[in-house]
């Protein structure tokens with residue numbers, strides 16, 4: 001039996017850090033704070049994500065930037081690097097001025113021109129993502145910017161995805177999460193959403209989660225799949 005092609009999702013939700021914005025420029029500031037240990041950037045980022053989940057499970061919401069600074073101090077301490085709270089916060093100021101990945105603006109333009117409704121959904125604070133989008137020139141592409149700050153829980157908590165779909169007035173199965181993080185795509189799919197994974201270098205899907213329907217190495221290739229889906233149902 002030939003399966004009918006999937007209908008286009010009504011709303012596309014985009015993760016921000018690493019999905020749209022390139023974390024590479026953080027290497028200098030974080031590396032400087034860690035006395036030249038730029039290779040510790042991935043460990044810092046995963047530690048920040050770990051403790052955002054610790055906060056969620058413990059029902060103790062804290063600002064993502066504060067968690068990031070705390071995680072940086074933890075990584076420094078584990079490598080016998082002296083680092084004060086002020087130094088950690090200063091090192092992370094770069095988070096608000098990250099550049100977009102090279103293909104992102106063209107891909108977003110094409111997706112928007114195809115008629116998709118788009119929203120960002122990030123673990124960054126409202127003020128944080130506002131500054132990020134202004135500095136990266138991304139404001140004009142999205143219908144809404146959503147932050148987990150308004151829920152008091154971090155992705156991939158299921159409540160975040162349910163809240164976001166309700167905020168945009170769509171059902172979970174009419175929502176698609178587009179992210180470069182396997183944990184984010186997994187969380188969305190477990191919450192009843194559809195998923196698209198950007199397989200950027202160093203990123204992997206979680207093997208114990210269902211596969212998303214789109215897997216591509218960059219956002220432009222994902223855009224092509226989404227546009228083709230629109231054309232099939234136009």
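For segment 21-79, just the Cα atoms, rotate onto the principal axes and tell me the three extents in Å, largest first.
35, 28, 14
Cα centroid distance between segment 80-116 and segment 1-65, in Å?
10
How are the alpha carbon pair distances in segment 138-206 distributed across 5 Å bins from zero to the largest one, expressed in percent?
With a bin width of 5 Å, the distribution comes to 3, 17, 25, 26, 19, 8, 1.
Going by C-beta contacts inside 10 Å, put 161, 141 in order with the fewest on the left.
Working: 161 25, 141 18.
Exposure proxy ranking, most exposed first: 141, 161.
For segment 23-96, what is the relative contact order in percent, using Cα pairs closer than 8 Å and at least 6 residues apart in sequence? Don't skip to the answer; put the middle values down first.
Numbers: 70 pairs, mean separation 28.1, N = 74.
Value for segment 23-96: 38 percent.
Between the helical axis of 219-232 and the dominant principal axis of the chain, each derived from Cα atoms, what acute angle in degrees is found, rounded to the nearest 10?
So the inclination is approximately 20 degrees.
Rounded to the nearest 5, what % of the DSSP beta bridges within the chain are antiparallel ones?
Values: 1 of 21 bridges.
Given both bridge residues lie in the chain, the antiparallel proportion sits at roughly 5 percent.
Would you mind estimating how fast segment 1-153 diffuses translationally, via Stokes-Einstein at 4 °C and 1.567 mPa s with the Kirkwood radius over Cα pairs, in µm²/s? Don't skip to the answer; put the middle values down first.
Details: Rh = 16.8 Å.
Once the numbers are plugged in, D ends up at 77 µm²/s.
How far apart, in nanometres, would the label points at residue 80 and residue 117 be if each is projected 7 angstrom from Cα along the Cα-to-Cβ direction?
Simple spin-label model gives 5.7 nm for this pair.
Taking 35 Å as R0, compute the FRET efficiency from the Cβ-Cβ separation of residue 167 and residue 206 and round it to 0.05. Numbers along the way, then the final one.
Values: r = 25 Å, r/R0 = 0.73.
Efficiency at R0 = 35 Å is approximately 0.85.
Given Cα pairs under 8 Å that are at least 6 residues apart, what percent is the relative contact order of the chain? Mind showing how you got there, number by number?
Numbers: 385 pairs, mean separation 55.9, N = 234.
Relative contact order here is 24 percent.
The numbers here are math on the coordinates, done by the rules we state, and not lab data. Being a predicted model, the structure only gives us computed values, none of them experimental. Every residue, glycine as well, gets a Cβ built from its backbone with ideal geometry; the counts of neighbours run over all protein chains shown.
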